[in-house]
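Below is one structure, written out as structure tokens; the observations come after it.
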Amino acid sequence: MATIELFNTLSGKIEALAPVGAPALRMYCCGPTVYDYGHIGNFRTFLQVDVLRRFVRQQGIETKHVMNVTDVDDKIIRNAAAAGVPIGEYTAKFERAFFEDLDALGIQRSELVAHATSCIPDMVGLIEKLAARDIAYQTEDGSWYFRIARFPEYGKLSKKDFEGIEDGARVDVDEYEKDAARDFALWKAVKPGEQHWETSLGSGRPGWHIECSAMATKFLGDTFDLHAGGEDLMFPHHENEIAQSESASGKTFARHWMHVRFLLVEGKKMSKSEGNFYTLRDLLLKGYRASAIRFLLISVPYRHQMNFTFESLAESTNAIDRLRTFHQRMLKGGFAEGLNEEIVAATAKAEQGYTASLANDLNTAEARAAIFELVRAANAAADAGTLRAANVAEILRVLDLFDGVFAVLEDRDAALTRAALAWAEAEGRLGEAAPELVANLSLGDAEIDALVAERTQAKKTRNFARADAIRNDLLAKGILIEDSKDGVRWKRK
RNA sequence: GCACCGAUGGCGAAGUGGUUAACGCGCUGGUCUGCAAAACCAGUACUCAUGGGUUCAAAUCCCAUUCGGUGCUCCA
């Protein structure tokens, strides 16, 4: 069992990550606000947390992982109103889509999913606790705010120094009157026509930050092991969570904080106005595989800014093919009995490299490299006829270990792409799908088998023109013919 | 504007003081093939944005410049 070292934003240092005072690692990850389909930036964060979660569990540490779903906020209220549906109906659709996307990307479910709207009493309780100590205060319109002046450590996570900021000086006039510029909303008073809850705090809805404090402590206790999220959440969201939670409990909130850096798309910040904004579904409809998206998004370590490009996505597809082909070759077996000592050493080196790399602040790039080195060594030995059956068993074990975190060997891609097309059809968005993809999937297996058989026949009669025509035609529809000693195979690209 | 992070081959990307600068993709060559493809193997950065400096030794530390990103406001 390796000691897992992880950068801690709070201390600014790489520190050992381990459960304290409980058998399971208690972790909280800021989940989605379900007002739209998730984009690849969202999923990079969830994927990197998935890598951590899988590795922790692989190292023999159980997890108690809570993810929240924000199902009430300004954007949801605005969009639901525009769509003319209750917010519950509006969010249900996107929440369902979100979990489908997690599954498509091989992201394991957390032990617990907490909805903001189902934890309102917990949030109210927390705010009351703060109000009793005059840390929370109500403004004239009925909203409640957190008094930052009462939390001297404010800024310790994001390393901000607020001493130079004078309360009330040159501050935009907000809709509500706060005592100090930085004070943030705990509870928002109801506005006409908005979804609201009748509580002891008055009629209204929770502020954004309070839900995470309430839900994390409700399910994980006042103090827990790890809190994770995208780098943008560090300030103000996580800073505010700390302020609320630690003010209420008087104890440390999360010990360890993990922040995943943003990605760039084609060298630029992803944004709708740049035209480089992609949801997972956009990419699936373009014909990219879910596995390739997963592999690419986790191949760059979480603390590095990564540049997402379509070229690198295509490369990931090929890299996965290499791994899958190798995996199949090992599974197929047929190697002579015995043991090749050189390969024993190569296999052990790969396993050590894999584990040490991930234990070292989740260096996924290095872990990947260790496995590819094994692939090359084993392929070369297999070609030379020196690979032995006992080696293969070990190689498969190490490959399984690797796949326990990377999760790309099993080929679910065609099924996932089909599901995406079915969704597009239901949404009337089939026009966004790549034409080759539609052509490919409209061709049934039996039809392809028939064409492949016809080509084989044509080859026998040395009618190569006809054989090549069939081959090229299928290729244009994304179907690849592979001639081998054992006969002809085909696969969908 | 202030603060922080980054810049490594055609592309993506490890490596943060000391053997020949990982790995993947691509490309080139080879094996195989009717020709291809697929698969596998081999080769593929005398050099780490630029200019200075520190050191016996720097991609790795320091300073400056240029470029990219992020935070200061909703954002994964």
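Throughout, read-outs are computed from the coordinates displayed, never taken from laboratory work. Because the structure is a prediction, the values reported are computed rather than measured. Heads up, the Cβs are rebuilt from the backbone with ideal geometry, glycines too, and the neighbour counts pull from every protein chain shown.
Cα-Cα over 21 Å: which of A:Lys75/A:Lys191; A:Lys75/A:Lys160; A:Lys13/A:Lys159?
Numbers: A:Lys75/A:Lys191 15 Å; A:Lys75/A:Lys160 28 Å; A:Lys13/A:Lys159 13 Å.
The answer is A:Lys75/A:Lys160.
State, to one decimal in nm², a quarter of the convex hull surface area for the C-alpha atoms of region A:280-337, i.e. the direction-averaged projected area.
Working: hull surface 22.3 nm².
Reported value for the Cα convex hull: 5.6 nm².
Which of the lysines could a cross-linker span from A:Lys218 if the Cα-Cα distance has to be under 22 Å and same-chain partners fewer than 8 positions apart are dropped?
A:Lys64, A:Lys129, A:Lys188, A:Lys251
Convex hull volume of the Cα atoms in region A:386-493, per residue, in Å³?
Details: hull volume 15.7 nm³, N = 108.
Output value, Cα hull per residue: 145 Å³.
Please report the Cα spread of region A:333-414 along all three principal axes, rounded to whole Å, starting with the longest.
38, 33, 17
Which length gain, in nm to one decimal place, applies between A:Glu311 and A:Lys493 when the Cα-Cα distance is subtracted from 0.36 nm times their residue separation? Don't skip to the end; give the middle numbers.
Values: separation 182, 0.36 × 182 = 65.52 nm, distance 1.60 nm.
Length gained between A:Glu311 and A:Lys493: 63.9 nm.
Ordered by packing density, taken as the mean number of other Cβ atoms within 10 Å over each peptide's residues, highest first, how do A:2-12, A:441-451 rank? Numbers along the way, then the final one.
Numbers: A:2-12: 16.5, A:441-451: 12.5.
Final packing ranking: A:2-12, A:441-451.
Two decimals is fine: what is log10 I(q)/I(0) at q = 0.11, 0.12 Å⁻¹ for region A:268-406, from a Debye sum with one equal scatterer on every Cα and no solvent?
Each listed q corresponds, in turn, to -0.48, -0.56.
Once you have the Kirkwood Rh of chain A from its Cα pairs, apply Stokes-Einstein at 37 °C and 0.692 mPa s and quote D in µm²/s.
Values: Rh = 25.6 Å.
Answer from the Stokes-Einstein relation: 128 µm²/s.
DSSP beta bridges in chain A, what fraction antiparallel, as a percent rounded to 5? All intermediate terms of the calculation are to be shown ahead of the outcome.
On the way: 25 of 49 bridges.
The antiparallel fraction comes to roughly 50 percent.
Which log10 I(q)/I(0) values does region A:219-274 give at q = 0.17 Å⁻¹ under the Debye formula, counting every alpha carbon as one identical point scatterer?
Each listed q maps to, in turn, -0.62.
Which whole-number percent is the relative contact order of region A:340-422 (Cα, under 8 Å, 6+ apart)?
Working: 48 pairs, mean separation 25.7, N = 83.
Contact order relative to length: 31 percent.
If the cut-off is a Cα-Cα distance under 13 Å, which aspartates and glutamates reach A:Lys459, setting aside same-chain residues fewer than 8 apart in sequence?
In chain and number order, the partners are A:Asp468, A:Asp483.
Taking 0.36 nm per residue of separation and subtracting the Cα-Cα distance, what length does fully extending A:Ser203 through A:Glu366 add? Numbers along the way, then the final one.
Numbers: separation 163, 0.36 × 163 = 58.68 nm, distance 5.31 nm.
Result: 53.4 nm gained on full extension.
Arrange the peptides A:81-90, A:414-423, A:29-38 so that the one whose residues have, on average, the most other Cβ atoms within 10 Å appears first. Walk me through the numbers before you get to the answer.
Numbers: A:81-90: 13.7, A:414-423: 17.0, A:29-38: 21.8.
Ranked by mean Cβ neighbours within 10 Å, highest first: A:29-38, A:414-423, A:81-90.
Normalised by the residues of region A:371-484, what does the relative contact order come to in percent, with Cα pairs under 8 Å and at least six apart?
Values: 37 pairs, mean separation 19.3, N = 114.
Across region A:371-484, relative contact order equals 17 percent.
Rounded to the nearest 0.05, what FRET efficiency is calculated for A:Asp468 and A:Asp103 with R0 set to 35 Å and r the Cβ-Cβ distance?
Numbers: r = 40 Å, r/R0 = 1.15.
Efficiency at R0 = 35 Å is approximately 0.30.
Between A:His196 and A:Phe277, what length in nm is gained on full extension when 0.36 nm per residue of separation is reduced by their alpha carbon distance? List each step's numbers first, then the result.
On the way: separation 81, 0.36 × 81 = 29.16 nm, distance 3.26 nm.
Taking A:His196 through A:Phe277 to full extension adds about 25.9 nm, to one decimal.
From the alpha carbon gyration tensor of region A:5-260, can you work out the equivalent ellipsoid semi-axes (sqrt of 5 times each eigenvalue) and give them in Å, largest to smallest? Walk me through the numbers on the way to the answer.
Numbers: eigenvalues 165, 116, 53 Å².
Equivalent ellipsoid semi-axes, largest first: 29, 24, 16 Å.
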